[in-house]
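Inspection log for the structure reproduced underneath, given as C-alpha coordinates.
The values are calculated or read from the model by the stated rules, or taken from the named source; none is laboratory data. Here the structure is a predicted model, which means the values were calculated and not measured. Ideal geometry is used to build each Cβ from the backbone, glycine not excepted, and the neighbour counts take in all protein chains shown. When the accessible area is computed, the model is the full protein with side chains, heavy atoms only, and any ligands, DNA or RNA have been set aside. Shrake-Rupley method; radii C 1.70, N 1.55, O 1.52, S 1.80 Å.
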Amino acid sequence: MRQRLDKYWIGILLGLVLPALVGWVYIERFNLWYTFEAFDWDLMRPILGRIGQIGIFPNLALIFVFYTLEMWRVAKGLLIGAMPYLIACFGLLV
(Lines give C-alpha, C1' and ligand atoms only; values in the text may rest on other atoms or scores of the structure.)
Protein backbone atom coordinates (compact mmCIF):
# COMPACT_ATOMS: atom_id res chain seq x y z
CA MET A 1 0.00 0.00 0.00
CA ARG A 2 2.81 2.43 0.85
CA GLN A 3 4.60 1.90 -2.43
CA ARG A 4 1.43 2.62 -4.35
CA LEU A 5 1.03 5.98 -2.58
CA ASP A 6 4.74 6.88 -2.63
CA LYS A 7 4.64 9.10 -5.74
CA TYR A 8 6.28 12.44 -6.44
CA TRP A 9 3.11 13.98 -7.90
CA ILE A 10 1.17 13.35 -4.67
CA GLY A 11 3.78 15.25 -2.69
CA ILE A 12 3.99 18.07 -5.21
CA LEU A 13 0.22 18.43 -5.25
CA LEU A 14 0.06 18.48 -1.45
CA GLY A 15 2.99 20.91 -1.35
CA LEU A 16 1.24 23.34 -3.68
CA VAL A 17 -2.29 23.13 -2.29
CA LEU A 18 -1.71 22.97 1.47
CA PRO A 19 0.11 26.34 1.95
CA ALA A 20 -2.50 28.15 -0.15
CA LEU A 21 -5.28 26.56 1.86
CA VAL A 22 -3.64 27.40 5.20
CA GLY A 23 -2.99 30.98 4.07
CA TRP A 24 -6.58 31.40 2.95
CA VAL A 25 -7.89 30.01 6.27
CA TYR A 26 -5.55 32.34 8.17
CA ILE A 27 -6.75 35.38 6.22
CA GLU A 28 -10.39 34.38 6.70
CA ARG A 29 -9.97 33.60 10.40
CA PHE A 30 -8.40 36.95 11.26
CA ASN A 31 -10.50 39.00 8.80
CA LEU A 32 -7.48 40.37 6.96
CA TRP A 33 -9.42 41.07 3.75
CA TYR A 34 -10.55 44.38 5.23
CA THR A 35 -6.96 45.29 6.03
CA PHE A 36 -5.88 44.48 2.49
CA GLU A 37 -8.65 46.67 1.09
CA ALA A 38 -7.93 49.57 3.45
CA PHE A 39 -4.19 49.82 2.86
CA ASP A 40 -2.05 49.93 -0.24
CA TRP A 41 -0.66 46.60 -1.46
CA ASP A 42 2.89 47.93 -1.11
CA LEU A 43 2.32 48.23 2.64
CA MET A 44 0.85 44.72 2.79
CA ARG A 45 3.80 42.95 1.15
CA PRO A 46 5.52 42.07 4.46
CA ILE A 47 2.25 40.74 5.88
CA LEU A 48 1.70 38.57 2.81
CA GLY A 49 5.26 37.27 3.16
CA ARG A 50 4.58 36.29 6.77
CA ILE A 51 1.31 34.60 5.83
CA GLY A 52 3.23 32.63 3.21
CA GLN A 53 5.71 31.53 5.86
CA ILE A 54 2.85 30.45 8.13
CA GLY A 55 1.36 28.48 5.24
CA ILE A 56 4.56 26.48 4.75
CA PHE A 57 4.62 25.12 8.32
CA PRO A 58 2.09 22.32 7.68
CA ASN A 59 4.29 21.16 4.79
CA LEU A 60 7.22 20.84 7.17
CA ALA A 61 5.12 18.77 9.56
CA LEU A 62 3.99 16.50 6.74
CA ILE A 63 7.56 16.08 5.54
CA PHE A 64 8.46 14.79 8.99
CA VAL A 65 5.46 12.44 9.00
CA PHE A 66 6.26 11.03 5.56
CA TYR A 67 9.93 10.57 6.47
CA THR A 68 8.95 8.56 9.54
CA LEU A 69 6.61 6.47 7.35
CA GLU A 70 9.53 6.01 4.91
CA MET A 71 7.60 7.50 2.01
CA TRP A 72 10.62 9.29 0.57
CA ARG A 73 9.15 10.36 -2.76
CA VAL A 74 6.13 12.05 -1.21
CA ALA A 75 8.39 13.90 1.22
CA LYS A 76 10.63 15.07 -1.64
CA GLY A 77 7.55 16.12 -3.59
CA LEU A 78 6.40 18.20 -0.62
CA LEU A 79 9.74 20.00 -0.64
CA ILE A 80 9.49 20.62 -4.38
CA GLY A 81 5.93 21.90 -4.00
CA ALA A 82 6.93 24.28 -1.20
CA MET A 83 9.72 25.91 -3.22
CA PRO A 84 7.53 28.43 -5.11
CA TYR A 85 6.07 29.60 -1.80
CA LEU A 86 9.50 29.95 -0.24
CA ILE A 87 10.75 31.98 -3.20
CA ALA A 88 7.64 34.17 -3.12
CA CYS A 89 7.98 34.74 0.64
CA PHE A 90 11.57 35.87 0.33
CA GLY A 91 10.64 38.06 -2.64
CA LEU A 92 7.83 39.73 -0.70
CA LEU A 93 9.94 40.36 2.38
CA VAL A 94 12.82 42.02 0.55
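Quick rundown of the values:
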| read-out | value |
| --- | --- |
| Mean accessible surface per residue for segment 13-70, computed with a 1.4 Å probe while every protein chain stays in place, in Å² | 68 Å² |
| Carbon and sulfur %, accessible surface of the chain computed with the full protein complex present, 1.4 Å | 71 percent |
| Cα centre as origin, Lys/Arg/Asp/Glu Cβ charges: the chain dipole, Debye | 460 debye |
| Approximate spin-label separation Phe30-Leu93, in nm, with each point projected 7 Å along Cα-to-Cβ | 1.5 nm |
| Separation between Cα centres of segment 34-61 and segment 7-23, rounded to whole Å | 18 Å |
| The chain - mean residue ellipticity at 222 nm from DSSP helices (-39,500 (n - 2.57) per run, n ≥ 4, rounded to 500) | -29000 deg cm²/dmol |
| Distance between modelled label sites at Asp42 and Ile80, nm, 7 Å Cα→Cβ extension | 3.9 nm |
| Full-extension gain in nm, Gln3 to Leu21, via 0.36 nm per residue minus C-alpha separation | 3.8 nm |
| Among Ile12, Ile56, Phe36 the positive-end extreme of the charge dipole of segment 1-58 (Cβ point charges) | Ile12 |
| When the chain is reduced to its Cα atoms, the Kirkwood hydrodynamic radius in Å | 14.0 Å |
